[in-house]
Amino acid sequence: MKKQIIVGVTGGIACYKALDIVSKLKKRDMDVTVIMTKNAAEFVTPLSFETISQNAVIMDMFDSPDHWEVEHISLAKKADLFVIAPATANCIGKIANGICDDMLTTTIMATKKPVLFVPAMNSAMFENLIFQENVQKLEALGYSFMKPATGLLACGDIGIGKLPDPEEIVDYSCNLLFEIDKRKQDLVGRKILITAGPTIENIDPVRYITNHSSGKMGFALAEAAFERGSTVTLISGPVGLSCSKGIRRIDIGTTAELSEAVHDAFKDTDALIMAAAPSDYRVSSPSKEKMKKTHEDLILTFTENEDILASVGKIKGNKCLIGFAAETQDLIVHAVKKIERKNLDFIIANDVTQEGAGFSGDTNIITVIKSDGSIKSYPKMSKREVANIILDLLV
Ligand code: PMT
């Protein structure tokens, strides 16, 4: 079946180059549908895009409301990839801030499919911090960006902001499609065990200690692994998240329960990814009854819990073990110690003091350390993107 590409054309002087992009995508046997903004139609006529794409151009969502309501959802679903070229600062700013006031922005907001923005604008606009913040926000949410070229701009300035060569844009789009396709199938036949969320340790029947883990990192891993064809077992602490029906989910409370579930499931798995944040200690003697106020300081005694990863590390055989390290200081030093002590293949270190990293949010900032000592740091990205990077390591 032909790949379905939606090309979004927004109003910039580089619009005419989008005709060449559409033509080149067609030559690579793709089915292309063009959505234009009204401003784009001031530069190039919809008829030109219609002739080259051999599909009706979609532009005005207010022409016949009953029609577009169906149209933007069906486009959002049928696409394999959205390529927005040229993408103006205005269009990127609107998407970054949840504004959908035309057919293009509405369709992009309605899609779960990959979106590639190819910005083109004056260099001062491109370098403007407001624009750069919008780009970072969208990148963190999983949208892709192609860097503009540098050269003589339409305004006469020389600098960054030119739309890259159409051939390069088409190559970039094809690579993205290839990556997506590869990801779809590369874990078929593999069994992956993933842990997520916090554990809780009771103080008495109504109180417990826990931590800030929301489960989002582990759930993102489970969903990405499932999407890539793996059989997934997800062991989760108490979190408010749900997962796809095909994922086998086991809910636990305490670190001891997590340990039992992990050891049980590990027998029949190819890899374990421990994204959970188990409590290192439990209350030594939890009270059977609700503890009463005494108006004096309360002293609790804690007993160390089992280090689950370290114990699995002793029996790992040729299975793959991936741990996380949540640190607040000396990230690499502590993470390296953990990879050795727990006999891991990789450790994913996150400095949880950094904004956008670690607990609760939708993004993470990771450094991957391999057992051979090699280290690679990544910029802030969505937890789903982080998940795919970790799964690439497994593959
Ligand atoms: O859940 P989110 O809100 O999305 O947040 C994600 C996260 C910050 C929880 C995640 O990215 C993360 O860092 N998880 C590991 C948290 C942690 O417990 O780190 P640690 O450095 O204390 O432990 C190192 C490794 O040993 C971890 O893989 C942990 O799962 C494991 N461990 C820890 C304690 C223990 N008793 N047994 C273990 O197996």
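Throughout, read-outs are computed from the coordinates displayed, never taken from laboratory work. Everything numeric here is computed off the predicted structure, so don't read it as measured data. Backbone-built Cβ (ideal geometry, glycine too); neighbour counts: all protein chains shown.
Taking GluC sites (Glu not before Pro) across the stretch 312-395, the ones in a DSSP loop with at most 13 further Cβ atoms lying within 10 angstrom of their Cβ are Glu355. Of the cross-linked pairs Lys78/Lys137; Lys113/Lys182; Lys137/Lys342; Lys77/Lys137; Lys319/Lys380, those separated by over 27 Å at the C-alpha level are Lys137/Lys342; Lys319/Lys380. What angle, in degrees between 0 and 90 and rounded to the nearest 10, separates the Cα long axis of helix 216-227 from the longest principal axis of the Cα atoms of the chain? Helix 216-227 sits at roughly 60 degrees to that axis.
The base-10 log of I(q)/I(0) for the stretch 191-394, evaluated at q = 0.14, 0.15, 0.17 Å⁻¹, reads -0.80, -0.91, -1.15 [Debye formula, identical scatterers on Cα atoms, solvent excluded]. Annotation for Gln185 and Lys370: the two label points, set 7 Å from Cα along the Cα-Cβ direction, are 2.6 nm apart. Were the residues from Val395 through Ser242 laid out at 0.36 nm apart, the gain over their Cα-Cα distance would be 52.5 nm.
Diffusion coefficient of the chain by Stokes-Einstein, Kirkwood radius over Cα pairs, 4 °C, 1.567 mPa s: 55 µm²/s. Between Leu141 and Lys27, the contour length at 0.36 nm per residue exceeds the alpha carbon distance by 37.9 nm. The alpha-carbon of Lys24 sits under 18 angstrom from the alpha-carbons of these aspartates and glutamates, leaving out residues fewer than 8 places away in its chain: Glu50, Asp80, Asp165, Glu167, Glu168, Asp171. Each of Leu298 and Ile130 was given a label point 7 Å from its Cα along the Cα-to-Cβ line. The distance between the two points is 5.1 nm. The label point for Lys38 and the one for Glu168, both projected 7 Å from the Cα toward the Cβ, are 3.3 nm apart. If you plug the beta carbon distance of Glu340 and Ser287 into 1/(1 + (r/R0)^6) with R0 = 35 Å, you get a FRET efficiency near 0.35.
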